[in-house]
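Engineer: To start, I am sharing the structure in question, which I have written as structure tokens.
The values are calculated or read from the model by the stated rules, or taken from the named source; none is laboratory data. It should be emphasised that the depicted structure is a prediction, and the values quoted were computed from it without experimental measurement. Virtual Cβ from ideal backbone geometry, glycine too; neighbours counted across all protein chains shown.
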Amino acid sequence: MTTATASAPAGAGVRAGRAKTKTVVGTRRQLDASELAATGLRDRWYPIYPSRFVGPGDMVKVRRLGVDWLLFRDARGQIRMLEDRCPHRSAPLSVGQHLGDRVACKYHGVQVNGDGTVVSVPGMPGCALEGKTVTASLAVEEGADMIFAFMPLTEDSEVTEFKLPDRLDNPEVSWFSNYAEWNSPWRFYMDNVLDPMHGAFLHRDSHSMFGGDTSARFRIRETDRGFFFEKTDQRGKNFDWVEYCRESMDYVDLEIPYADSAGPGGSFGIVGMSTPIDAHTSAVFHWRTRTVSDWERDVWRFMYKTTLEEKHWVVLEQDRELLEALAADADKDEHLYQHDLGVARIRRVHDADAQKQAAILSEGIA
Amino acid sequence: MPEQYLEANQSRVGPPNPYELKLAGALSEIFASGSHELPAIISGLNNLGLNAPDGHPWDETRFRSEMRRLGE
Ligand code: FES
Ligand SMILES: [Fe+2]
């Protein structure tokens, strides 16, 4: 389900023999723990954009983790992701020209290839910039209809192995992807999915989440890839559990029952991920899945396209509208109760990571 | 963010045609009544007075091949 890999160095601009400050790739500065938590933790894979949005010859600018990037496909169709900033005087490469295996900056014509190496300085042939790899390029993969990239902390970061969530890499499971942009911080998305209890209230008026009790007790159960946050007294009736998975990327995995009218095959699964665009907006990725085969698979796919997709969309909009209505500091001075153990846990995980990454940056002065 | 991407339908190119909507509606109705087995679905469609695309009543072969096409 995964296509070719472009192996690229995590960072760029290695100047050997000179003591230098460790900066975050694409930012030219250090970030503290709260900035890292706000714009996205590094050193993990993130979904970036639907594959279908980057056709051959396209130059697409996307902002992710607070940095502007250029996406393009090289002449072989391999996706490339460069910082959207020319090594010469920082003009956005995305307004330049696609030249097959490279792009040319519009300002003075400098050409940069998919690895971030300057291949030509037309205005000054033989210029010392030629042959230098000074533009940040990311390791990228495509799978499950999406472009994914490894977001390095520093140029020394090691790219980890890319692995799709099991549910999306299983021939028994049929899925559809969905992409959306929310005017809401990345961390609110995570809080929301680690909070199954909101299903019975926010989504009570929906095609799939009307069932079950409106009160529940929860527990956390550890797994080898993360943890479950689940109701102790109800399963298979509503949004009753969520598994937070920490693999090469962070994602949530959950199941929600379908009403009989959705046809054969039982519950549907959701794989959810969110990638910060910047500190205030997020790119949100969902895959709706169902374990079905043969004619049941065909029927599900037909029903999804004609009726279910719109019903799923209504549910997702309920989440978006609520999260976009939250104050920017909504997660300060709350009064959490037992249903919020999952929220508290995910915040601790991310906070610890942000602290660790901030420490790596501040140790960086050799 | 310049323009927020919020598109409800991402699994198909155009809207479903009236035939597809009618078929999906009939299927929902049959499923909602609790029938999830092939013979029950097929007789359900025939009882609702819907025909297969060739004008004949639905049978297993016609149903499978039409769903194959529509579900691709
Ligand atoms: S800024 Fe790109 S070539 Fe000068
Ligand atoms: Fe929700």
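Engineer: Run down A:Thr223, A:Thr275, A:Thr281 and say which single residue is at pLDDT 95 or above, of a type in the set (Ser, Thr, Tyr) and over 24 Å from A:Ile147 (Cα atoms). Quick ask: steps written out before the conclusion?
Structural biologist: Values: A:Thr275 fails: over 24 Å from A:Ile147 (Cα atoms); A:Thr281 fails: over 24 Å from A:Ile147 (Cα atoms).
Unique residue meeting the criteria: A:Thr223.
Engineer: Now a separate question. I'd like to know if region A:272-281 contains one or more residues that are of a type in the set (Asp, Glu), under 15 Å from B:Glu7 (Cα atoms) and more than 16 Å from ligand 1 (Cβ to nearest atom).
Structural biologist: Looking for residues that are of a type in the set (Asp, Glu), under 15 Å from B:Glu7 (Cα atoms) and more than 16 Å from ligand 1 (Cβ to nearest atom), one finds none in region A:272-281, hence no.
Engineer: Could you please give the count of residues in region A:199-236 that are closer than 17 Å to A:Val315 by Cβ and of a type in the set (Gly, Ala, Ser)?
Structural biologist: The total comes to 6.
Engineer: Could you say which residue among B:Leu27, B:Leu45 is part of a helix (DSSP H, G or I), within 11 Å of the chain's Cα centre (by Cα), away from chain A (no Cβ under 11 Å) and not charged (D, E, K, R)?
Structural biologist: B:Leu45
Engineer: Checking the structure you have, find out if any residue of region A:111-122 is assigned to a strand (DSSP E or B) and buried (at least 22 other Cβ atoms within 10 Å of the Cβ).
Structural biologist: Yes, because at least one residue in region A:111-122 is assigned to a strand (DSSP E or B) and buried (at least 22 other Cβ atoms within 10 Å of the Cβ).
Engineer: Return yes when A:Glu243 is more than 14 Å from every other protein chain (Cβ to nearest Cβ) and modelled with pLDDT of 95 or more and no when it is not. Quick ask: steps written out before the conclusion?
Structural biologist: Details: more than 14 Å from every other protein chain (Cβ to nearest Cβ): yes; modelled with pLDDT of 95 or more: yes.
Yes.
Engineer: Now, a different point. Output the residues belonging to region A:286-320 that are more than 9 Å from every other protein chain (Cβ to nearest Cβ), more than 17 Å from A:Ala144 (Cβ to Cβ) and not hydrophobic (A, V, I, L, M, F, W, C).
Structural biologist: A:Ser293, A:Lys311, A:Gln318, A:Asp319
Engineer: Another question, then. Out of all the residues in region A:266-278, is one or more β-branched (Val, Ile, Thr), more than 14 Å from chain B (Cβ to nearest Cβ), in contact with a helix residue (DSSP H, G or I) (Cβ under 8 Å, 6 or more places away or on another chain) and crowded, with 22+ Cβ neighbours inside 10 Å?
Structural biologist: Yes, that holds for at least one residue.
Engineer: Is it the case that region A:206-227 has a residue that's within 24 Å of A:Gly143 (Cα to Cα) and within 16 Å of ligand 2 (Cβ to nearest atom)?
Structural biologist: We begin by selecting, within region A:206-227, every residue within 24 Å of A:Gly143 (Cα to Cα); these are A:224-226.
So of that shortlist, the ones also within 16 Å of ligand 2 (Cβ to nearest atom) come out as none.
Checking region A:206-227: not a single residue is within 24 Å of A:Gly143 (Cα to Cα) and within 16 Å of ligand 2 (Cβ to nearest atom).
Engineer: Of the residues A:Met151, A:Met197, A:Met190, A:Met209, only one is farther than 30 Å from A:Glu310 by Cβ, away from chain B (no Cβ under 14 Å) and buried (at least 18 other Cβ atoms within 10 Å of the Cβ); which?
Structural biologist: Working: A:Met197 fails: farther than 30 Å from A:Glu310 by Cβ; A:Met190 fails: farther than 30 Å from A:Glu310 by Cβ; A:Met209 fails: farther than 30 Å from A:Glu310 by Cβ.
Within the list A:Met151, A:Met197, A:Met190, A:Met209, the selection yields A:Met151.
Engineer: Being surrounded by fewer than 16 Cβ atoms within 10 Å (Cβ to Cβ) and either at pLDDT below 95 or more than 13 Å from ligand 1 (Cβ to nearest atom) (or both) is the filter here, so list the residues in region A:69-98 that pass it.
Structural biologist: Scanning region A:69-98 gives A:Ala75, A:Arg76, A:Gly77.
Engineer: Just checking, does region B:6-22 include any residue being within 11 Å of chain A (Cβ to nearest Cβ), among the aliphatic types (A, V, I, L, M) and more than 30 Å from A:Arg63 (Cα to Cα)?
Structural biologist: Yes, there is a match, as at least one residue in region B:6-22 is within 11 Å of chain A (Cβ to nearest Cβ), among the aliphatic types (A, V, I, L, M) and more than 30 Å from A:Arg63 (Cα to Cα).
Engineer: How many residues does region A:183-197 hold that are within 12 Å of ligand 2 (Cβ to nearest atom) and either under 24 Å from B:Tyr5 (Cβ atoms) or free of Cβ contacts under 8 Å to residues at least 60 places away in the same chain (or both)?
Structural biologist: Selection size over region A:183-197: 5.
Engineer: Which residues, taken from region A:212-232, are buried (at least 18 other Cβ atoms within 10 Å of the Cβ) and in contact (Cβ under 8 Å) with a residue 60 or more places away in the chain?
Structural biologist: Within region A:212-232, A:Ala216, A:Phe218, A:Phe227, A:Phe229 qualify.
Engineer: Output the number of residues of region A:314-329 satisfying the condition of being touching a residue at least 60 places away in the same chain (Cβ under 8 Å) and within 16 Å of ligand 2 (Cβ to nearest atom).
Structural biologist: 10
Engineer: Got at least one residue in region A:177-187 being touching a Cys at 6+ places or on another chain (Cβ under 7 Å), within 30 Å of A:Gln357 (Cα to Cα) and crowded, with 17+ Cβ neighbours inside 10 Å?
Structural biologist: So in region A:177-187, the residues touching a Cys at 6+ places or on another chain (Cβ under 7 Å) come out as none.
Within region A:177-187 (the criterion being touching a Cys at 6+ places or on another chain (Cβ under 7 Å), within 30 Å of A:Gln357 (Cα to Cα) and crowded, with 17+ Cβ neighbours inside 10 Å), the answer is no, since none of the residues qualifies.
Engineer: Can you name the residue in region A:233-265 that is among the acidic types (Asp, Glu) and touching a residue at least 24 places away in the same chain (Cβ under 8 Å) and is also surrounded by the fewest Cβ atoms within 10 Å (Cβ to Cβ) among such residues? Lay out the reasoning, then the answer.
Structural biologist: Taking region A:233-265 as the starting set, the residues that turn out to be among the acidic types (Asp, Glu) are A:233, A:240, A:243, A:247, A:250, A:253, A:255, A:260.
Those left that are additionally touching a residue at least 24 places away in the same chain (Cβ under 8 Å): A:240, A:247, A:250, A:253.
Numbers: A:Asp240: 25, A:Glu247: 17, A:Asp250: 21, A:Asp253: 23.
Looking at the filtered set, the residue picked out is A:Glu247.
Engineer: What number of residues within region A:274-292 are under 21 Å from A:Arg187 (Cβ atoms), in contact with a Leu (Cβ under 9 Å, 6 or more places away or on another chain) and not hydroxyl-bearing (Ser, Thr, Tyr)?
Structural biologist: Total meeting the criteria: 5.
Engineer: I'd like the full set of residues that are within 14 Å of B:Arg64 (Cβ to Cβ) and crowded, with 24+ Cβ neighbours inside 10 Å, limited to region A:301-315.
Structural biologist: Narrowing region A:301-315 to residues within 14 Å of B:Arg64 (Cβ to Cβ): A:301-302.
Matches in region A:301-315: A:Phe302 only.
Engineer: Condition check: under 26 Å from A:Asp145 (Cβ atoms) and within 9 Å of another protein chain (Cβ to nearest Cβ). Does B:Gly71 satisfy that?
Structural biologist: Working: under 26 Å from A:Asp145 (Cβ atoms): yes; within 9 Å of another protein chain (Cβ to nearest Cβ): yes.
Answer is yes for this residue.
Engineer: Looking only at region B:1-19, count every residue that is closer than 30 Å to A:Tyr49 by Cα and in a helix (DSSP H, G or I) and tell me the total.
Structural biologist: 0
Engineer: Quick one: in region B:57-72, of everything that is surrounded by 15 or more Cβ atoms within 10 Å (Cβ to Cβ) and in contact (Cβ under 8 Å) with a residue 12 or more places away in the chain, which residue is nearest to B:Leu21 (Cα to Cα)?
Structural biologist: Of everything passing the filter in region B:57-72, B:Leu70 is nearest to B:Leu21 (Cα to Cα).
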